[in-house]
Structure formats: C-alpha cells, structure tokens
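Here's the structure we're looking at; comments come further down.
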Amino acid sequence: MLEVRSLSVERGREEILHDISFVAGAGALGLLGVNGAGKSTLLRSLAGLLPPRSGSVLIDGADVYEGRRRAAASRQVALVPQDFDFPGTFTVREFLCHMAWMRAVPRRSSAARVDAALEAVDLQRQAGRRLNTLSGGMARRAAIAQALLADPAVLLLDESTTGLDPVQRAEIRLLLRSLAASRCVVLASHIVEDIEQLATRVAVLHHGRLLFDGATADVAGPSGDPARAGGLEAGFISLIGGDTA
Amino acid sequence: MRTLIRRSSTVGFVPVLVVVQAFCLLQRGTPWLGEWDWTADWAGGVTVVTGPLLAGCTAFEVLRWRTAATWSLLRQTPRGGHAAWLCALPVLVIGVVVHVVATASVLVATAMAGGEPRIDTGFVLVVVLPVVALAAAASIGAATAACWRSLLAVPLAAAIVFGLTAFPDRLMLPDVLKVGGTTGSLVGLTWDSRQQAAALAVLVMVSVFAVVVMHARDAVRRGPASRSIVAASAVALVAAVVLAQSVPSSRLRPSGAPIRYACTAASGTTVCLASQTSRQLAWLAAQIIRQSEPLAAIGVRLPRRYQQVVPYRRQPDGVAPILLEPDSINARRGDARRVPDLLAMPALCAADTGEVPPPDEVFVARSAISAWLSVRNGLSETSDYRVEVFGEWLGQTAPDQQAWIRTTYAQLTACAYADVRLPESVVLP
Ligand SMILES: Nc1ncnc2c1ncn2[C@@H]1O[C@H](COP(=O)(O)OP(=O)(O)OP(=O)(O)O)[C@@H](O)[C@H]1O
Ligand SMILES: [Mg+2]
C-alpha cells in the first residue's frame, strides 16, 4: 500500500508540489494533469528519487527516504520513466538481465523472472534485438518489463501510453489492467481517455496541488451535474477551471 | 558484467587503444628488448598516453549513461548505489586488459630474446603501478563526467590526467603518476621502493577520492555523513600527496645487490657482461679476440679480462672496461667499428672518472691506437684519418710506430697517464 503524507517537493528553489496526501491500495490510480502540472515530479518523488522538503512517502508502512526500512521500501517500488533511452547497444534480454541485477533479483530466479517479464509484455520474439532497433511501442513495453522484474508492490508509470498507435495502446492498457489486479499501479498521463479506461480512481494534479482524488466517475462532480455528460474530459477541464496552461 | 563490457562504447575504441599502445611501446625501436627490468619499466610508461585516453573513454561512457533519462531509473533500484561505478568499470577492464596483454607480450618477447625473468617486489610493483594508474585515470574520468554532464568532460578528463602525469612539477605535485618509461638500461639500478610505495598510496587515494566525489554527487540526500566521507577522503589524499613530497622524486636508485656477470673465456681472454644485459656477449667476445690480434702480433700485452662497466660500481683493478652504447646495449650484435675504441682503453683509471680529466695526450694516444687497429682490421682506411693530428703518423710504417704502441699501451694499462708521450710527428694544437 502506498501512502503519501503532506508531500512538498522543491526543484531548484521553486516548490513544485504542495502538500499532497493520498493513499492507494491495489488497483489503478490515474494521475491526470496538464503539461507541467507536476506528474513526473510526483512519480519521481514516490520512487525515492526526489527527497521531499517536507512530508513523507510510505510503502507498506516503510518510509522511502528515512529509517532502516528505506532499502526494503525502495525494493517495493518500480518506476517506468517518461523517456526511455537506456543505452541502445544492449539487447532486450541483456537490458532486462542487467536491470534484474540492479533490482537485486536473486541470481537463481533471475533468468526465470526475465522470461516472465518478457512474456508479460509480449516481447519474447524481440528478446535478442538491440534496444535501438525497437519501435516506440516495443521500447515502452521493454521499459515496463524491467519494472516487473522484482514484482513490486507499487508500479509507477509515467506517460506509458503516449506516442503509441491505437493497437499498441490497447495492448498496453490490457497489460496494465492485469498488472493492477494485484498491485498498486499509478499511471500518470494527460491523455484522459487512457485514464478513463484504465483507472477506477483518479487524482487530478494542477500547479502542483491535488485538486481531486476519488472515483473516476465522480470527477465531474456529484451525479446529475450537466458536465458529467461530457465524461472525464469535460469534468477534468471544468475542475481545473478551463486553465490548461 | 560481461554484457556491460561487450556493450560498452569503449569496445569500438579498442583498436585505437591497441594501436596507440603499440605505437608508444615501439616508437623508440626496441632497445629494451632482452633486458627484463627495462622492458617492464618501459611497458608501464605507456600509461602517460593511455591513461588520459582511458580517462576520456570513461568520461564518454559514463556520460552515455548519465545523460540518459533512464539514469534515474537505475539509481532508483535497490542496487542504484552501484550504478555510478558500474558504468565506468567496463572501460577500465578493457583498458587494463589491453595494457596487461601488451605488457605480457613485450615481457615474453624479452624472455625469448634471452632476458632472464627476475621477479621481486620492485618488479611486481612496476607492473602493478601502471594498472593502478589506469584505475586512477578511469576514476578521474568517471568523476569528471559525474560532476559536469557535458561532452566537454571528455577532453577535460583527458587533460586533467595528462597534466597530472606529464607536468606534476608545474602543479606543485609529486611526480608519482608517471609509473615507468625509463629510456635507458636499468643495469646497476633498481626501483626505489619508498617512491613506489608513495606512488601506490597517491594513486589509490586519487581513485578513492574520485569515486567518493562521484558517489557524493549522486547521493539523493547530501547529509553530514556523505560530507564527512568526502572530507575524510580529501584529507587522506592530501596526506598521501604530502607524504609523497618527502620521498625522493627519482624512481630509480643505484642497486645494492651484487651484479651478476655472464662470461665467456677463450684463448686466455675472459669477456664479461652484466647478465642483465648480456645479449651480445658471444658476438662481443669473438670481436675482442679477433680485433685484438694485430696488437698481440706486435707484442702488446693485452688485458686478460674485459668486463662491462656498471654505473655506480667501481671497476676492479686490472680489468679492461667495456662501455656499451646505451641504444645498442641489448642488441644481439653491436657495431664492429666501435670495438677498436674499446680495445684502445685497456683500463678504467681514477682519472677517467675523477674530477680532473686525463691529459689530452691520453685521448690522442687512444684515438691513434684505435685508428691503427681499425686500419689493420680492415674497418677503415688510413686516408679516413687525414684530418686528425695523428693522420701523418698513421701513414708511416716506421718500426718505432710499433714500439710506441707497445710502450703507450703498457702505460694506459698501468694508468700511468702522466708518462704518456705522443710520437714526434704528432703535435697537439
Ligand atoms: N529539473 C528541474 N528543475 C527545476 N524545475 C523542474 C525540473 N523538472 C521539472 N521542473 C518543473 O517542474 C514542473 C513540473 O514538471 P513535471 O515534469 O513534473 O510536469 P509533468 O506534469 O510531468 O509534465 P508533462 O506532462 O509535460 O510530462 C514544471 O513547471 C517544470 O518546469
Ligand atoms: Mg511528465
């Protein structure tokens, strides 16, 4: 379980995230926000890469930044970054083997975990190909595969569906849905449609503040609101007050 | 690890490393071939060039990883703390493998050429230090790239390592990063173990400091612990440098061990060369015996023993000196035309090595005898010496010419330099 308590994060001297709190269990949580809203910053902070100015991030009760259980907490979280540019001279399998080591997967089970991850993202046939010869969608799937290696409790996906064709998008959605069955998946995106189809719960981030946190169906406000007719997108736009900048 | 090495950007650079390594080893020919210690020392000197190169390669490879957005992904993992050195290590491994293969090749070549392998602490350090120097160079490259994520870190890292190796005096640093590259024979010399220990200490501390700085820069949170580790390693580095300043800056010192000689004896003449540099013994002994025949024929009393002069060692009395040319000391054959000079100096006397040089007559007398011998041995013509002061004398065939040679040779052998008189026809200018 992921628990965020009054999280404030600075980059440079500017505070980017202000006092964010939420709790997420198994299932998919959509993180919706316009460009620059702070989605990537939040995910990086959840992954243990950006120490907060104040507040804390807990995974199964262990703080990601403080205390003796820090290492155990970082083992439980895996990030799929927005940009995937791992050195392209590695083949998919080599990349996954390396990541398995980095993720401290025991040597005995490493090969099996790599095979399982390849199968999960349907990249078995591309296992011997170099990363720099993969299409954008395949590369994204490879990026997701590495996050699955250590079977994390919390999976953080940053714009994992952007730049994909509709077929690949549908495939990834299917994959994420199956992943979310047993773990907490946080999917950051500015593509409303993806979140609508995947997440039962949505958090709306705007100018570094959490504007909304609740069931996807409720974004547009209480039932009967006229905006709800337009679905999540209209609800989202009305929520941020039409301010898309 | 194997994958990391195979997929490293430096793999494409291996041919360049190999060519540079070979060029540096062979740029002055192979005067070291056949002499074990000199070969080992010379092979290590190549790091003056390969060190900066490796620093640049490391910086490039580290940048390739660090400038990727996925770098944060690696750092986020449980073993993220290893990411920093893990991307630099393959470059170092490649550099060390190229270096070790090159060093082993020249040592094997030397052993096959007759240089007898000699393994002691000094030798072990002289082959280990270049590897440590490469590690220091790679760490500097990695740290530079970690601190300055720009392609300019590549030439900067190379320049830092080159500056530290080639101009330590201008940076007021001890000359310890240069770990080899002696241009002359090591006969009679040995490595200064205090200097080697100081070099090892400084190189290790440079590597540790660079790695610590790199990790400190990566720390998600720079707490007092990481700051004190950086401070502690900086203090250790400064301490090692200060320690190194107090150690003699020369890498070599006269050897205290007894010199072993390889000798051959034939027709009552013994010829000895230091066994370390004895490759031309058979050739030289034959030349000495054959070329001294004209002297023997006119009744000159020749030395019974010829022995190589070793720096910092006293030549025993009654033993004729062999002074080998530095560039051909390990050649299988020397220059036959230089043998008459060797034969014209039957003793190394106090005056030859003292403050006051021997009288001019001694030099002219030696040259005249050498020329006479050279002409008798068919190595030159009388006319070659027309411009010399003894040119006219050489052309004479008077019987007193032979008498003069007999007398003078005896005086030279007895170190009676004050008694040496030139023939009447020879007038000093
Ligand atoms: N390294 C940084 N230093 C300073 N400010 C930064 C840094 N990275 C991001 N920011 C700022 O933080 C804010 C949030 O950026 P972030 O990347 O988290 O947004 P995002 O919601 O992921 O946007 P996008 O949809 O474009 O990916 C932006 O205003 C951005 O300018
Ligand atoms: Mg983003």
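Before moving on, here are some points about what is shown:
Residue by residue, here is whether (1) among the small types (Gly, Ala, Ser); (2) part of a helix (DSSP H, G or I) holds:
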residue	(1), (2)
B:LEU324	no, no
B:GLU361	no, yes
B:VAL375	no, yes
B:SER380	yes, no
B:ALA403	yes, yes
B:ALA410	yes, yes
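- Residue satisfying condition, being touching a helix residue (DSSP H, G or I) at 6+ places or on another chain (Cβ under 8 Å), small (Gly, Ala, Ser) and modelled with pLDDT of 90 or more, within set A:GLY55, A:GLY27, A:GLY38: A:GLY27
- Hits in segment A:134-159 (condition: within 13 Å of chain B (Cβ to nearest Cβ) and in contact with a strand residue (DSSP E or B) (Cβ under 7 Å, 6 or more places away or on another chain)): A:ALA143, A:ILE144, A:ALA147, A:ALA150, A:PRO152, A:VAL154, A:LEU155, A:LEU156, A:LEU157, A:ASP158, A:GLU159
- Segment B:397-421, subset at pLDDT 90 or above and of a type in the set (Gly, Ala, Ser), residue surrounded by the fewest Cβ atoms within 10 Å (Cβ to Cβ): B:ALA418
- The residues of segment A:25-55 that are away from ligand 2 (no atom under 16 Å from the Cβ) and farther than 22 Å from A:PHE212 by Cβ, listed by number, are A:GLY48, A:PRO51, A:ARG53, A:SER54.
- Among the residues making up segment A:175-208, a single one is at pLDDT below 85, within 12 Å of ligand 1 (Cβ to nearest atom) and of a type in the set (A, V, I, L, M, F, W, C): A:ILE191.
- Reported count of residues in segment B:59-92, each being touching a Cys at 6+ places or on another chain (Cβ under 7 Å) and facing another protein chain (nearest Cβ under 7 Å), is 1.
- Flag if A:VAL186 is of a type in the set (A, V, I, L, M) and within 16 Å of ligand 2 (Cβ to nearest atom): yes
- Residues of segment A:83-110 satisfying the condition of being more than 7 Å from every other protein chain (Cβ to nearest Cβ) and outside any helix (DSSP H, G or I): A:GLY88, A:THR91, A:VAL105, A:PRO106
- Residues in segment A:66-81 that are at the interface with another protein chain (Cβ under 7 Å from one of its Cβ atoms) and in contact with a strand residue (DSSP E or B) (Cβ under 7 Å, 6 or more places away or on another chain): A:LEU79, A:PRO81.
- Residue under evaluation A:LEU50, criteria (1) at pLDDT 90 or above; (2) surrounded by 18 or more Cβ atoms within 10 Å (Cβ to Cβ); (3) over 14 Å from the mean Cα position of the chain (by Cα), criterion not met: (1)
- In segment A:23-67, the residues that are within 16 Å of ligand 1 (Cβ to nearest atom) and part of a strand (DSSP E or B): A:LEU29, A:GLY30, A:LEU31, A:LEU32, A:VAL57
- Restricting segment A:73-101 to residues that are farther than 17 Å from A:LEU118 by Cβ and among the hydrophobic types (A, V, I, L, M, F, W, C), the residue that is surrounded by the most Cβ atoms within 10 Å (Cβ to Cβ): A:LEU79
Listed here are the residues, each with its yes/no results for (1) over 22 Å from B:GLN276 (Cα atoms); (2) modelled with pLDDT of 95 or more; (3) in a loop (DSSP other than H, G, I, E, B).
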| position | (1), (2), (3) |
| --- | --- |
| B:VAL310 | no, no, yes |
| B:ARG314 | no, no, yes |
| B:GLY318 | yes, no, yes |
| B:ASP327 | no, no, no |
| B:ALA331 | no, no, yes |
| B:LEU348 | no, no, yes |
| B:ASP352 | yes, no, no |
| B:VAL356 | yes, no, yes |
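- Flag if B:TYR312 is exposed (fewer than 13 other Cβ atoms within 10 Å of the Cβ), hydroxyl-bearing (Ser, Thr, Tyr) and not assigned by TED's automatic domain parsing to the domain that holds B:ALA111: yes
- Put simply, of B:LEU152, B:LEU177 the only residue that is in the same structural domain as B:ALA201 (by TED's automatic domain parsing) and without any contact (Cβ under 8 Å) to a residue 40 or more places away in the chain is B:LEU152.
- Single condition A:ASP60 does not satisfy, out of (1) away from ligand 2 (no atom under 16 Å from the Cβ); (2) among the charged types (D, E, K, R); (3) within 12 Å of another protein chain (Cβ to nearest Cβ): (3)
- All positions within segment B:56-82 that are in contact (Cβ under 8 Å) with a residue 60 or more places away in the chain and either in contact with a Phe, Trp or Tyr (Cβ under 8 Å, 6 or more places away or on another chain) or within 15 Å of B:ASP218 (Cβ to Cβ) (or both): B:CYS57, B:VAL62, B:LEU63, B:ARG66, B:THR67, B:ARG75, B:GLY81
- Enumeration of residues in segment B:385-414 that are without any contact (Cβ under 8 Å) to a residue 12 or more places away in the chain and farther than 21 Å from B:ALA296 by Cβ: B:ARG386, B:VAL387, B:GLY391
- Residue that is nearest to the other protein chains (Cβ to nearest Cβ), among those in segment A:8-22 that are more than 7 Å from ligand 1 (Cβ to nearest atom) and within 29 Å of A:ALA234 (Cβ to Cβ): A:LEU17
- Members of segment A:118-133 found to be within 14 Å of chain B (Cβ to nearest Cβ) and either surrounded by 16 or more Cβ atoms within 10 Å (Cβ to Cβ) or touching a residue at least 60 places away in the same chain (Cβ under 8 Å) (or both), listed by number: A:ALA127, A:ARG130, A:LEU131
The values are calculated or read from the model by the stated rules, or taken from the named source; none is laboratory data. All values derive from a computational prediction rather than experimental measurement. Methodologically, a virtual Cβ is constructed for each residue, glycine included, from the backbone with ideal geometry; neighbour enumeration extends over all protein chains shown.
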